[in-house]
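Each remark here refers to the structure printed beneath this line.
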Amino acid sequence: MSKPLPKVTDETAAAADIVERFLVASMVPDPETAATFISPELKITFTGGRKYSHPRETAAFNAGRYKWVKKKMDRTDVSPGVGETIVYNTGTLYGEWPDGTPFEGNRYVDRFVVRDGKIVQMDVWNDSAERLLTRHGIKA
């Protein structure tokens with residue numbers, strides 16, 4: 001017998017909204033607006049294990065990796081927990097590499113922990129490194 005699915009509550013809906021608004025601001029990029037959705041204790045881990053604590057740091061990283069980049073958000077999944085909500089946002093990246101070559105369809109998964117209405121943790125995975133290796137003729 002399967003367990004009933006968790007119900008969407010005001011808290012889980014609010015957590016999904018916070019994450020989506022954070023991501024929209026991050027794509028502008030507008031790190032100061034994005035920062036309104038974070039806790040002072042924010043811990044961000046980007047692909048490759050890069051550690052950050054503020055959206056301006058991730059914006060600076062992205063500015064070096066891409067000429068520009070945006071997210072096509074396909075879905076947001078929310079998992080309620082005790083005292084926190086886990087939010088997954090998945091989709092694809094599109095934009096241009098630093099040399100101006102366009103790209104699209106670059107898969108990503110962002111995992112967030114939202115506590116007391118603020119993002120306290122963000123983990124980021126995407127295919128950018130694999131795509132860069134391929135562009136440079138390196139078989140992974």
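All of the numbers you see were taken from the coordinates with simple rules; none came from a lab. These figures come from a predicted structure and were not determined experimentally. Cβ: placed from backbone, ideal geometry, glycine included. Neighbour counts: every protein chain shown.
What about residue 84, is it more than 13 Å from residue 47 (Cβ to Cβ) and either free of Cβ contacts under 8 Å to residues at least 60 places away in the same chain or of a type outside the set (S, T, N, Q) (or both)?
Answer is yes for this residue.
Residues that are assigned to a helix (DSSP H, G or I), basic (Lys, Arg) and surrounded by fewer than 16 Cβ atoms within 10 Å (Cβ to Cβ): does region 73-84 have at least one?
no
I'd like the full set of residues that are of a type in the set (A, V, I, L, M, F, W, C) and surrounded by 15 or more Cβ atoms within 10 Å (Cβ to Cβ), limited to region 25-60.
Passing the criteria: 25, 27, 34, 35, 37, 38, 42, 44, 46, 59.
Is it the case, given these coordinates, that residue 102 is touching an Asp or Glu at 6+ places or on another chain (Cβ under 7 Å) and either exposed (fewer than 14 other Cβ atoms within 10 Å of the Cβ) or among the acidic types (Asp, Glu) (or both)?
Yes; evaluated as a whole, the condition is true for this residue.
Hey, among 103, 112, which residue is of a type outside the set (Gly, Ala, Ser), farther than 20 Å from residue 25 by Cα and part of a strand (DSSP E or B)?
Going through 103, 112 in turn, just one is of a type outside the set (Gly, Ala, Ser), farther than 20 Å from residue 25 by Cα and part of a strand (DSSP E or B): 103.
Is it true that some residue in region 37-57 is small (Gly, Ala, Ser), under 13 Å from the mean Cα position of the chain (by Cα) and part of a helix (DSSP H, G or I)?
Within region 37-57 (the criterion being small (Gly, Ala, Ser), under 13 Å from the mean Cα position of the chain (by Cα) and part of a helix (DSSP H, G or I)), the answer is no, since none of the residues qualifies.
Inspect region 88-102 for any residue being more than 13 Å from the chain's Cα centre (by Cα) and more than 25 Å from residue 132 (Cβ to Cβ) and give the result as yes or no.
no
Within the set of pairs 6+ apart or on separate chains, which have a first residue in region 10-23 that is exposed (fewer than 15 other Cβ atoms within 10 Å of the Cβ), a second that is small (Gly, Ala, Ser), and C-beta atoms under 8 Å apart?
So the pair list comes out as 14/117.
If you check residue 64 against the conditions, is it surrounded by fewer than 14 Cβ atoms within 10 Å (Cβ to Cβ), in contact (Cβ under 8 Å) with a residue 60 or more places away in the chain and assigned to a helix (DSSP H, G or I)?
Criteria not met by residue 64.
When residues of region 111-126 are filtered for being under 20 Å from residue 59 (Cβ atoms) and out of contact with any helix residue (DSSP H, G or I) (no Cβ under 7 Å at 6 or more places or on another chain), how many remain?
Number of matching residues: 5.
Limited to region 16-36, what total is found for residues that are more than 13 Å from residue 119 (Cα to Cα), among the aliphatic types (A, V, I, L, M) and either in contact with a Gly (Cβ under 9 Å, 6 or more places away or on another chain) or in a helix (DSSP H, G or I) (or both)?
Qualifying residue count for the region: 3.
Among the residues of region 115-130, write down those that are of a type outside the set (Phe, Trp, Tyr) and either under 17 Å from residue 27 (Cβ atoms) or assigned to a strand (DSSP E or B) (or both).
Within region 115-130, 115, 118, 119, 120, 121, 122, 123, 124, 126, 128 qualify.
From the list 90, 76, exactly one residue is under 27 Å from residue 14 (Cα atoms) and touching a helix residue (DSSP H, G or I) at 6+ places or on another chain (Cβ under 7 Å). Which is it?
76
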